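K.L.:
After the structure tokens below, expect a handful of questions from me.
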Amino acid sequence: MVNLLKFWNKCFKPVVHPFNLSNDGVQTYSMWQYEKGEDTISFYLDYLTKEEMFCGKEVLDIGCGAGGKSLYYASCGAKKVIGIDIVARYKQEALELAKTLNLQEKFEFFAADASDLPFPPESFDTIIMNDAMEHVARPEAVLQEVLRVLKKGGRIFINFPPYNHPFGAHLSDVIFIPWVHLFFSDKTLIKAYKELVCNLPDGTERVSFRISKDKNGEEYFSYINKMTLKRYKQMLNKLHILPVYYKEVPLRPFLKPLAKLPFFREYFVKMAVSVIEK
């Protein structure tokens, strides 16, 4: 099955991915994120303006990666932006870009678990979880924690691609087959992924970033939690959280009818978007 996947993979055009751009010396991960900052907030601009989201605000960016998105938020008039990511090695790259953009006074990076934030209650006006909800190991605990550190009247902005999105497996740095995780088992995907990155300069790093072992020694994708639209809504209901704004963005405008059907929406929604107020 691994050989079949690898053969089939050659039939698809490579997807632009920041890991590969960085490897090829085209662009750093942090700068790629910074340039995508406008896309990050575009999902919310039919509900709030950029100024309402950031101007004069204390902002927390959950799952900030190399800090590029955080620095974009800082450039939008935020008073202070703190980026949180569990991957500590991103800190240096984030701080270097902050200095390049002359935003170092507005930005801090913390290597921390989002389910155990090192901040007192009601510390932030705005909390961003852009492409983060599908990655955290304990999503319910993270939601409770971000609510704890959110100021009264503050807002949490959450957007994520559901697991059954065409690239919901988050392996598109080397696997370009849409919906590949529906055709192959995790065991096959893990073996194929490891083989496809083995000769890359950061191959070992990518494997450790995405794959871990459970208590029985079995490998699994620890980088994602397989968050679906259904699971997300069930989690909000369980925590008695009612978003003040919610929408599901289809993969393409012409696919909007499919993205509204109960079964197909999991496969044809590009992004779930919500705003939660305290």
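K.L.:
Check Phe263, Phe183, Phe221 and return the single one that is within 27 Å of Leu143 (Cα to Cα), among the aromatic types (Phe, Trp, Tyr) and over 22 Å from the mean Cα position of the chain (by Cα). Write out each step before concluding.
P.N.:
Values: Phe183 fails: within 27 Å of Leu143 (Cα to Cα); Phe221 fails: over 22 Å from the mean Cα position of the chain (by Cα).
The conditions single out Phe263.
K.L.:
Which helices (runs of 4 or more DSSP H) sit wholly inside segment 177-223 and have at least 2 residues that are more than 11 Å from Val2 (Cα to Cα), open to solvent by 40 Å² or more (accessible area, probe 1.4 Å) and not β-branched (Val, Ile, Thr)? Quick ask: steps written out before the conclusion?
P.N.:
Working: elements: 180-183, 186-197, 203-210.
Here the list reads 180-183, 203-210.
K.L.:
Test Leu147 against the criterion of being open to solvent by 20 Å² or more (accessible area, probe 1.4 Å), among the aliphatic types (A, V, I, L, M) and outside any loop (DSSP other than H, G, I, E, B), and give yes or no. Before you say what the answer is, go through the steps one by one.
P.N.:
Details: open to solvent by 20 Å² or more (accessible area, probe 1.4 Å): yes; among the aliphatic types (A, V, I, L, M): yes; outside any loop (DSSP other than H, G, I, E, B): yes.
When the stated conditions are applied, Leu147 passes them.
K.L.:
A further question on this structure: Would you tally the residues in segment 40-84 being of a type in the set (Gly, Ala, Ser) and open to solvent by less than 10 Å² (accessible area, probe 1.4 Å)? Break it down into steps so the answer makes sense when it comes.
P.N.:
In the first step, residues of segment 40-84 are kept if they are of a type in the set (Gly, Ala, Ser); the result is 42, 56, 63, 65-68, 70, 74-75, 77-78, 83.
Applying the additional criterion that residues be open to solvent by less than 10 Å² (accessible area, probe 1.4 Å) yields 65-68, 70, 74, 78, 83.
Matching residues across segment 40-84 total 8.
K.L.:
Still on this model: Give me the pairs, please: first residue somewhere in segment 89-100 and of a type in the set (Gly, Ala, Ser), second residue anywhere and assigned to a helix (DSSP H, G or I) and surrounded by fewer than 17 Cβ atoms within 10 Å (Cβ to Cβ), beta-carbon distance under 9 Å, and either six or more positions apart or on two chains.
P.N.:
Pairs that qualify, where the first residue is of a type in the set (Gly, Ala, Ser) and the partner is assigned to a helix (DSSP H, G or I) and surrounded by fewer than 17 Cβ atoms within 10 Å (Cβ to Cβ), are Ala98/Gln104; Ala98/Glu105.
K.L.:
So which residues in segment 70-105 are in a loop (DSSP other than H, G, I, E, B) and among the hydrophobic types (A, V, I, L, M, F, W, C), if there are any at all? Spell out how you get there, then give the answer.
P.N.:
Going residue by residue through segment 70-105, those that are in a loop (DSSP other than H, G, I, E, B) are 76-79, 86-89, 101-103.
Those that are in a loop (DSSP other than H, G, I, E, B) and among the hydrophobic types (A, V, I, L, M, F, W, C): Cys76, Ala78, Ile86, Val87, Ala88, Leu101, Leu103.
K.L.:
Being more than 24 Å from Ser42 (Cα to Cα) and either modelled with pLDDT under 95 or out of contact with any strand residue (DSSP E or B) (no Cβ under 8 Å at 6 or more places or on another chain) (or both) narrows it down to one residue among Pro262, Pro253, Pro257; which is it? Can you show your working first?
P.N.:
Working: Pro253 fails: more than 24 Å from Ser42 (Cα to Cα); Pro257 fails: more than 24 Å from Ser42 (Cα to Cα).
After applying the criteria, what remains is Pro262.
K.L.:
Now for a different question. Given the conditions (1) over 20 Å from Val273 (Cα atoms); (2) without any contact (Cβ under 8 Å) to a residue 24 or more places away in the chain; (3) out of contact with any strand residue (DSSP E or B) (no Cβ under 7 Å at 6 or more places or on another chain), report the number of the one that Ser75 does not fulfil.
P.N.:
Evaluating Ser75 over (1) over 20 Å from Val273 (Cα atoms); (2) without any contact (Cβ under 8 Å) to a residue 24 or more places away in the chain; (3) out of contact with any strand residue (DSSP E or B) (no Cβ under 7 Å at 6 or more places or on another chain) leaves (2) as the failure.
K.L.:
For the subset of segment 224-246 comprising residues that are open to solvent by 40 Å² or more (accessible area, probe 1.4 Å), part of a loop (DSSP other than H, G, I, E, B) and touching a strand residue (DSSP E or B) at 6+ places or on another chain (Cβ under 9 Å), which member is farthest from Arg138 (Cα to Cα)?
P.N.:
Val244
K.L.:
Here are the criteria: (1) hydroxyl-bearing (Ser, Thr, Tyr); (2) open to solvent by 40 Å² or more (accessible area, probe 1.4 Å); (3) under 16 Å from the mean Cα position of the chain (by Cα). Tell me which single one Thr100 does not satisfy.
P.N.:
Every condition holds for Thr100 apart from (3).
K.L.:
Quick one: would you say Leu95 is of a type in the set (A, V, I, L, M, F, W, C), farther than 23 Å from Glu51 by Cβ and surrounded by fewer than 20 Cβ atoms within 10 Å (Cβ to Cβ)?
P.N.:
On the way: of a type in the set (A, V, I, L, M, F, W, C): yes; farther than 23 Å from Glu51 by Cβ: yes; surrounded by fewer than 20 Cβ atoms within 10 Å (Cβ to Cβ): yes.
Here the answer is yes, as Leu95 does meet what is asked.
K.L.:
Let me ask something else. Do you know which residues across segment 107-134 are open to solvent by 70 Å² or more (accessible area, probe 1.4 Å) and either in a strand (DSSP E or B) or touching a helix residue (DSSP H, G or I) at 6+ places or on another chain (Cβ under 8 Å) (or both)?
P.N.:
Hits for segment 107-134 are Glu108, Asp116, Pro120, Pro121, Glu122.
The values are calculated or read from the model by the stated rules, or taken from the named source; none is laboratory data. The model shown is predicted, which means the values in this text are computed figures rather than measured ones. Positions of Cβ are backbone-derived with ideal geometry, glycine not excepted, and every protein chain shown enters the neighbour counts. Each accessible area value is taken on the protein alone, full model and side chains, heavy atoms only, with ligands, DNA and RNA left out. Shrake-Rupley method; radii C 1.70, N 1.55, O 1.52, S 1.80 Å.
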